[in-house]
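Asker: Dropping a structure here in structure tokens format, bear with me for questions.
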Amino acid sequence: MPKAVGIDLGTTNSVVAVVESAGAEPTVIPSAEGGRLCPSVVAFTKTGERLVGVLARRQATLNPEGTVNSIKRFIGRRYSEVEAERKIVPYKVVPGRNDAATVEIDGKQYTPEQISSIILQKLKADAEAFLGEEVKDAVITVPAYFNDSQRQSTKLAGEIAGFNVLAILNEPTAASLAYGLGKGKNEKILVWDLGGGTFDVTVLEIGDGVFEVKATNGDTHLGGDDWDEMLVNYLADEFQKTNGIDLRKDRQALQRLREAAEKAKIELSSMLQTNINLPFITADQTGPKHLDMVITRHQFEDLTRPLLGRCVEPFKQALKDAKLSEKDLDEVVLVGGSTRMPAVQELVKKLTGKEPNKTVNPDEVVAVGAAIQAAALTGKGGATLPVLVDVTPLSLGVETQGGVMTVMIPRNTPVPTSRTEVYTTAADFQSSVEIHVLQGERPMARDNRSLGRFQLTNIPPAPKGVPQIEVTFDIDANNILRVSARDRATGKETKVTITGSTTLTKADVERMMRDAELHAEEDRRRKEVIEARHNAQSLASQVENLLKEYGDRIPASDKAEVEAAVKRVRELATSEDLDAIRSAHSQLEASYRGVGELIYRMASESQTQAASDEGAAASGGA
Ligand code: AMP
């Protein structure tokens, strides 16, 4: 049976893991470049190449506008919702179809689903290379706080990449699966997940193999990137004070500064001070300028204290929603690279009164949990299959008279779930009603996210308040919502799956899937061309060397033929024509074959001669 993978599609890094056989320990799959984390970065270079992961990240400094990082901040979101995010990314974000936040590079638009699918495609290829077989099934994780639109867009990204998405799983649920907590005893667990771009705090109750998410809270605008940004601003301010130049205005300098800030931040997790050294960061009339500063952990913690402060409220709210106090918690689990910061660990300890649990690598714990769930869903999990109970991250409801949001399914309701309510008309002889589906916690409809609208028509004429319209909300285990409205008098029913919340149409998705396949094909072809060129050119070099040495001793007509074949190969050194390269290679092989034997004989004769000369010299010298 084919293997199913677990994928942590992170803001900063992505990780893919697999359970190779029933009951086996999950393995984190290394990327083709050798790392365990794949930077969630996609780049489009000036030469038309598409790069993913480490290679994309490496060239970011030189190509900031063509390098897309933190795409997770935009997935499933509207342009009007992402003002803050737009400001912190170096690439251009524009309003696309249905106001969807869309990336624009060199005049070409890419949806966040497409960019994410490129990352997922790379993870798929790495997993296939590692496992030596095709990989289709995957569980992909999302922050617990993601709304319906963000979840659906993530699922679409998986489908565009060619995956069969078994489930969209909450990251803290995955982390707790990885810890294998709750085996045999009831436990209340707090998962504190601070990654590159999001902060989630989740309270889980685990017992008898059942994981129930009691409450989730967080901040989709808070992560390690913000710590970097604060340090960048501090460094830029200091530099400006002494040199009068604002490095933030120069995109390349800013990118270098960002990388240096992140490196310094990571170093400060294990060291008490670090040096930030950026030679030739800029120049003015007086010559080149260098940035060279020492930052202590103390300074860094002072500077970023406001960010740490922003973690406190979501923590308190999650405990409150779960109706627990910190004393009720049995375990505290740390997830996400940013929880390696000592100040974060201290804060968690102070708030919970517990030593946080961090035995599983915080960068990998989510992918590991997703792999366990993927194995469970495909019957590879061994005897103890986890059963998951997720909750709705935000309240769902409909707009009722006066523009009010009337909640149908409150936040933190375990899924799958279904609720039916009866509504009526607001005007006499109203023949249709509009069902406006909303998600959010605000009392007025306009302040919540609109997931979609649909009409129930042909209601028989009746005074207002008489018709009885049954509205049903159905949420499946993937938190995907279906809404239906039924007129009790006629039995007439209208149903929708709320997919309007993702801004892509089915046709868009199909087109993107075709594009993705085409790209995979293009990448394969490119690789073949490069390999063919390399093989032909190295054969040409070998033959040239042999001709130099033995050319004057082989028949002139044979020599001319081989030389012509070498020339033909050399002419194709930069060609893209795979067939031409392969045929020139075969031609060279064929024409060389004729003289090869001769040259081989000459080479071995001259070796024997050299050996006997050496022997003679040695015996002569004795
Ligand atoms: P994740 O999303 O879990 O991959 O976390 C990525 C974030 O963790 C990035 O902002 C990294 O800079 C940050 N990070 C990784 N390692 C460390 C570390 N040792 N100390 C502080 N932050 C780190």
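Asker: If you place +1 on the Cβ of every Lys and Arg and -1 on the Cβ of every Asp and Glu, how big does the dipole about the Cα centre of region 396-498 come out, in debye to the nearest 20?
Answerer: 80
Asker: If you don't mind, another one. To the nearest 10 degrees, how steeply does helix 506-550 sit against the main Cα axis of the chain, on a 0 to 90 scale?
Answerer: 10
Asker: Ignoring everything except DSSP H segments at least 4 long, calculate the 222 nm mean residue ellipticity for the chain; use -39,500 (n - 2.57) per segment, divide by total residues, nearest 500.
Answerer: So the calculated ellipticity at 222 nm is -13000 deg cm²/dmol.
Asker: Now for a different question. Kindly report, to the nearest 10 Å², the accessible surface of D250 as traced by a 1.4 Å probe over protein heavy atoms only.
Answerer: Accessible surface of D250 is approximately 60 Å².
Asker: With charges set only on the Cβ (+1 for Lys and Arg, -1 for Asp and Glu), what does the dipole of region 224-307 come to about its Cα centre, in debye to the nearest 20?
Answerer: 160
Asker: In debye, nearest 20, what is the charge dipole magnitude of the chain about its Cα centre with +1 on Lys and Arg Cβ and -1 on Asp and Glu Cβ, if you could check?
Answerer: About 1320 debye.
Asker: Suppose R0 equals 45 Å; then what is the FRET efficiency for K492 and R58 from their Cβ-Cβ distance, rounded to the nearest 0.05?
Answerer: 0.15
Asker: Distance check, please: which entries in K214/K265; K3/K265; K46/K249; K92/K495; K108/K527; K92/K289 exceed 31 angstrom between their Cα atoms?
Answerer: Too far apart for the 31 Å limit: K214/K265; K3/K265; K92/K495.
Asker: Then there's this: How tilted is helix 312-321 with respect to the longest principal axis of the chain? Cα atoms for both, answer in degrees (0 to 90, nearest 10).
Answerer: In the chain, helix 312-321 runs at an angle near 50 degrees to the longest axis.
Asker: Give the carbon-plus-sulfur fraction of the accessible surface of the chain in %, rounded to a whole number; probe 1.4 Å, heavy atoms of protein chains only.
Answerer: C and S atoms contribute 51 percent here.
Asker: If you don't mind, another one. Need the list of lysines near K548 for cross-linking: C-alpha distance under 25 angstrom, and skip anything on the same chain fewer than eight residues off.
Answerer: Within reach: K559, K567.
Asker: Quick check: pseudo-label points 7 Å beyond the Cα along Cα→Cβ at E597 and A283, how many nm apart are they?
Answerer: Each label point lies 7 Å from its Cα, and together they span 6.4 nm.
Asker: Which whole-Hz couplings ³J(HN,Hα) result when phi for each residue of region 277-283 is put into the Karplus expression 6.51 cos²θ - 1.76 cosθ + 1.60, θ = phi - 60°, listed in order with x for Gly and Pro?
Answerer: 10, 10, x, 6, 6, 7, 8
Asker: Protein chains only, probe 1.4 Å: how do I118, I245 rank by accessible area, largest first?
Answerer: Listed by decreasing accessible area, they come as I245, I118.
Asker: How many nm separate the modelled label positions at S586 and D428, each set 7 Å beyond the Cα in the direction of the Cβ?
Answerer: Distance between the two pseudo-spin positions: 8.8 nm.
Asker: I need two numbers for region 396-498: Rg to one decimal and Dmax as a whole number, Cα atoms only, in Å.
Answerer: Over region 396-498's Cα set, Rg and Dmax evaluate to 13.4, 40 Å.
Asker: Additional query: Which ³J(HN,Hα) values, rounded to whole Hz and listed in residue order, are derived for region 239-253 from phi using the Karplus coefficients 6.51, -1.76 and 1.60 in 6.51 cos²θ - 1.76 cosθ + 1.60 with θ = phi - 60°, glycine and proline given as x?
Answerer: Listing the rounded values in order: 5, 5, 4, 8, 10, x, 10, 8, 5, 5, 7, 10, 4, 5, 5 Hz.
Asker: So, taking all protein chains as they sit and a 1.4 Å probe, how much accessible area belongs to V365, in Å² rounded to tens?
Answerer: Number for this one is 0 Å².
Asker: For the chain, take the longest principal axis of its alpha carbons; what is the angle in degrees between that and the long axis of helix 578-621, to the nearest 10 within 0 to 90?
Answerer: 50
Asker: Treat the chain as a sphere of radius equal to its Kirkwood radius over Cα pairs and apply Stokes-Einstein at 10 °C in a medium of 1.306 mPa s; give the translational diffusion coefficient in µm²/s, rounded to a whole number.
Answerer: D = 56 µm²/s.
Asker: Want the number for A84 to E605: 0.36 nm per residue separation, take away the alpha-carbon distance, what's left?
Answerer: Going from the current span to full extension adds 180.0 nm.
Asker: Now for a different question. Say the dipole of region 506-618 comes from +1 at the beta carbon of Lys and Arg and -1 at that of Asp and Glu; which of A573, L518, A556 then lies farthest toward its positive end?
Answerer: It is L518.
Asker: Please list D228, D99 in order of solvent-accessible area, largest first, computed with a 1.4 Å probe with all protein chains present.
Answerer: D99, D228
Asker: Determine the distance separating the Cα centre of region 140-155 from the Cα centre of region 289-330; give it in Å without decimals.
Answerer: Taking the Cα centre of each part, region 140-155 and region 289-330 sit 25 Å apart.
Asker: Ok, one more. Going 7 Å from the Cα of T457 toward and past its Cβ, which residues in region 420-436 have a backbone nitrogen under 17 Å from where you end up?
Answerer: Of the residues in region 420-436, 430-436 have backbone N under 17 Å from the label point off T457.
Asker: Grab the Cα-Cα distance for D330 and R511, subtract it from 0.36 nm times how many residues apart they are, and report the gain in nm with one decimal.
Answerer: Difference between extended and current length: 60.3 nm.
The values are calculated or read from the model by the stated rules, or taken from the named source; none is laboratory data. The shown structure was predicted, so the numbers you read here are calculated from the model rather than taken from an experiment. Using ideal geometry, Cβ is built from the backbone for each residue, glycine included, and neighbour counts are taken over all protein chains shown. With ligands, DNA and RNA removed, areas are computed over all heavy atoms of the protein, side chains included. Shrake-Rupley method; radii C 1.70, N 1.55, O 1.52, S 1.80 Å.
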